[in-house]
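Structure first, then comments.
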């Protein structure tokens with residue numbers, strides 16, 4: 001039984017200001033660090049494409065099921081985000097190790113010939129993010145102090 | 001005004017210098033190396049010599065960053081990403097400088113210096129925003145201020161020891177700033193404001209991470225600022241697209257709180273219902289539907305549900321508002337308590353309505369906060385009185401008391417508008433199983449049973465029904481009250497003419513009745 | 001009658017909390033992992 005209440009002058013001003021700012025709503029990217037490679041730019045895709053990520057896609061278990069190349073892609077192109085963090089965890093689960101001097105991921109290709117307290121030496125597979133591919137490196141000295 | 005000659009140029013030089021240092025590859029982790037070098041330059045330029053110069057420096061930097069954004073926004077044919085990268089290139093560097101100055105001002109243990117500087121800078125940015133908002137009017141743009149606040153907040157909530165030590169003061173500083181910039185004060189900033197207040201890091205810190213829930217009352221105050229702003233627009237239900245967007249955003253935030261922090265909504269429901277317009281049924285239901293995470297609610301439709309046998313039903317709910325203090329003026333409160341104790345002065349009841357009335361303007365006749373406080377206080381006193389006699393609320397134990405005198409008097413003496421607000425005040429207590437839900441459910445049913453006019457019974461039904469026919473969620477206490485009303489033959493519900501006033505109403509009652517049986 | 005609150009893009013039956021992936025009051029979907037800034041070791045910031 002309250003019926004409508006007339007808007008005061010002040011409310012009409014507020015409404016006008018709100019309507020004006022409604023034309024430039026905050027954008028998701030406004031609250032996120034600058035994304036070097038993938039700015040947060042929602043773009044409409046056909047409705048029959050999945051519009052939301054698959055369930056549990058923000059878990060390590062989901063990332064573990066992703067291909068190694070996909071994990072490297074996420075690691076190098078989504079830096080500073082939870083996705084990079086999850087990709088790194090999944091890579092480690094797949095026995096990759098991050099070398100902080102070369103900023104690259106390494107994986108033992110065979111049992112190292114030499115193992116000391118400070119390093120191990122042998123043949124490794126590494127992921128070359130500049131040429132974007134896995135390479136073999138023989139006689140490589142993997143110093144533990146550069147292990148992330 | 002009165003900036004010392006040359007300060008503007010000096011500031012511009014330093015800001016440019018810092019932005020380029022910030023973006024250098026060798027700026028170091030979190031720009032610490034660049035910062036050490038830059039502070040030397042600030043000293044050299046005398047910027048850090050006095051408090052006044054530091055203040056002017058930050059204001060000028062803020063204005064330069066903001067102007068730069070407006071220039072970028074004015075440029076045509078650039079994508080959102082290009083626009084943002086251009087703006088954020090400088091804004092993020094400025095934020096980093098603020099964060100580093102806050103972290104490293106004074107020695108590590110000296111938290112006061114750090115917080116003072118943060119409050120100063122937040123106040124300066126807020127001041128520039130409000131002035132810009134006033135000067136530019138509809139041309140005002142929130143982008144640069146939103147970016148400064150959110151990135152500074154995220155920087156100052158990084159997992160660093162020095163920041164953990166001052167985290168509560170940092171959060172308090174941001175809450176104060178957001179309260180200064182509440183939508184009623186800066187409506188052009190309202191969307192950014194809600195985005196800031198509902199940011200996952202902000203909610204996490206305010207409601208989950210701060211120990212002993214010390215952030216809850218500050219966060220409640222910010223939600224009240226939002227409800228107060230929305231009220232005039234929601235009150236009239238014709239929502240423009242802009243208002244509807246803000247309203248829907250508000251519902252999303254409340255849904256997150258309902259799901260993750262129901263106790264927060266439980267403890268502040270009273271404050272929220274005081275400012276949410278009475279016709280805003282679904283939003284209010286959402287708040288009233290909250291119940292403690294560890295509580296299991298019995299299905300309200302359980303046949304022969306014995307509400308008074310539930311273990312929690314005698315527990316008083318936590319209400320973090322001093323609602324008694326809202327019963328004004330003090331003389332009225334004094335008379336009320338006297339009547340509750342001694343049923344005198346006898347004139348109290350006949351004067352009650354005039355004490356609640358504040359205008360003769362239809363739709364605005366009554367003081368809603370006083371009405372709400374009166375009902376909750378009298379109900380609270382009644383529960384204590386009943387418990388003091390070793391009894392529990394029931395249709396018989398709540399009757400024939402000074403408390404019920406007051407409620408029955410209000411039911412009979414108020415006009416339709418006043419009684420609607422009175423019945424709303426009661427219905428706002430119908431929540432999860434607790435002593436208030438129990439008492440007020442009995443009270444509403446008692447008022448229905450003892451009503452001396454069918455209009456009162458119809459209005460009680462209307463108040464319940466309008467809360468039931470909206471989309472979910474529905475408070476548990478509301479459901480059990482309505483089910484009792486239509487099921488218990490004592491209330492002769494189905495015999496009332498208004499139950500059959502229209503086919504769709506009759507069908508609705510029957511559908512609810514069927515789901516009950 | 002209000003709004004069907006299950007259509008606002010929030011997974012109200014989620015066993016976990018909603019706030020940690022809350023994207024925005026205007027968003028119809030929660031944050032994805034690549035939307036959430038994370039304190040990764042500085043060595044990961046290769047670019």
Original post:
If packing is taken as the mean number of other Cβ atoms within 10 Å per residue, what is the order of B:187-193, B:35-41, highest first?
Top reply: B:187-193, B:35-41
**OP:** Treating the angle as unsigned and between 0 and 90°, give the value, to the nearest 10°, between the Cα long axis of helix A:9-22 and the longest Cα principal axis of chain A.
**Re:** 30
Original post:
Ranked from highest to lowest mean number of other Cβ atoms within 10 Å per residue, what is the order of the peptides B:98-109, A:37-48, C:7-18?
Top reply: B:98-109, C:7-18, A:37-48
Subject >> Partner chain coverage, peptide B:235-246 - average Cβ within 10 angstrom >> reply: 4
Original post:
Along the Cα-to-C-beta direction of residue B:135, a point sits 7 Å from the Cα; which residues of region B:56-91 have their amide N less than 14 Å from that point?
Top reply: B:59-71
Original post:
Working out 0.36 nm times the residue gap between residue B:498 and residue B:364, then minus their Cα-Cα distance, what length gain in nm do you get to one decimal?
Top reply: 45.5 nm
Original post:
chain B: D in µm²/s via Stokes-Einstein (Kirkwood Rh, Cα pairs, 4 °C, 1.567 mPa s)?
Top reply: 49
Subject >> Helix axis angle, A:68-77 relative to chain A longest principal axis, alpha carbon, degrees >> reply: 60
Subject >> Rounded FRET efficiency, nearest 0.05, which uses the C-beta distance separating residue B:238 from residue B:81 and R0 of 45 Å >> reply: 0.75
**OP:** Quick one: divide the alpha-carbon radius of gyration of the protein assembly as shown by 2.2 N^0.38 Å and tell me what you get.
**Re:** 1.14
**OP:** Could you work out how far apart the two model spin labels at residue B:488 and residue B:308 are, taking each label as a point 7 Å from the Cα in the direction of the beta carbon, and quote it in nm?
**Re:** 0.9
**OP:** Neighbouring Cβ atoms within 10 Å as the yardstick, rank B:133, B:8, C:39 fewest first.
**Re:** C:39, B:8, B:133
Original post:
Anyone know which of A:92, A:101, A:82 comes out most mobile in the 10 Å Cα GNM of chain A?
Top reply: A:101
**OP:** Could you list the residues of region C:1-19 with an amide nitrogen less than 19 Å from a label point located 7 Å from the Cα of residue A:51 in the Cα-to-C-beta direction?
**Re:** C:3-13
Original post:
Measuring from label point to label point, each 7 Å out along Cα→Cβ, what is the residue B:454 to residue B:346 span in nm?
Top reply: 3.4
Subject >> Cα pair distances exceeding 28 angstrom across region B:93-237, given as percent >> reply: 19
Original post:
Does anyone have the angle between helix B:216-235 and the longest principal axis of chain B? Alpha-carbon axes, 0 to 90°, nearest 10?
Top reply: 70
Original post:
Hey, what does the equivalent ellipsoid look like for chain A, semi-axes from the Cα gyration tensor as sqrt of 5 times each eigenvalue, largest first, whole Å?
Top reply: 51, 17, 14
**OP:** Calculate, for residue A:70 and residue A:110, the FRET efficiency according to 1/(1 + (r/R0)^6) with r their C-beta to C-beta distance and R0 30 Å; round to the nearest 0.05.
**Re:** 0.75
Original post:
On average, how many beta carbons from a partner chain sit within 10 Å of the beta carbon of a residue in A:73-85?
Top reply: 6
Original post:
If each of residue B:505 and residue B:48 carries a label point 7 Å out from its Cα toward its Cβ, how far apart are those two points in nm?
Top reply: 7.5
Original post:
So which residue, out of A:66, A:23, A:86, gets the largest mean-square fluctuation from a GNM of chain A using Cα contacts under 10 Å as springs?
Top reply: A:23
**OP:** Evaluate peptide B:72-83: per residue, the Cβ atoms of other protein chains within 10 Å of its Cβ; return the mean as an integer.
**Re:** 2
Original post:
What is the calculated FRET efficiency for residue C:42 to residue B:468, with r their C-beta to C-beta distance and R₀ = 60 Å, to the nearest 0.05?
Top reply: 0.60
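Each reported figure results from applying straightforward, stated rules to the coordinates on display, with no laboratory input. Everything numeric in this text was worked out from a predicted model, so none of it was measured. Counting neighbours? That spans all protein chains shown, and the Cβs are built from the backbone with ideal geometry, glycine included.
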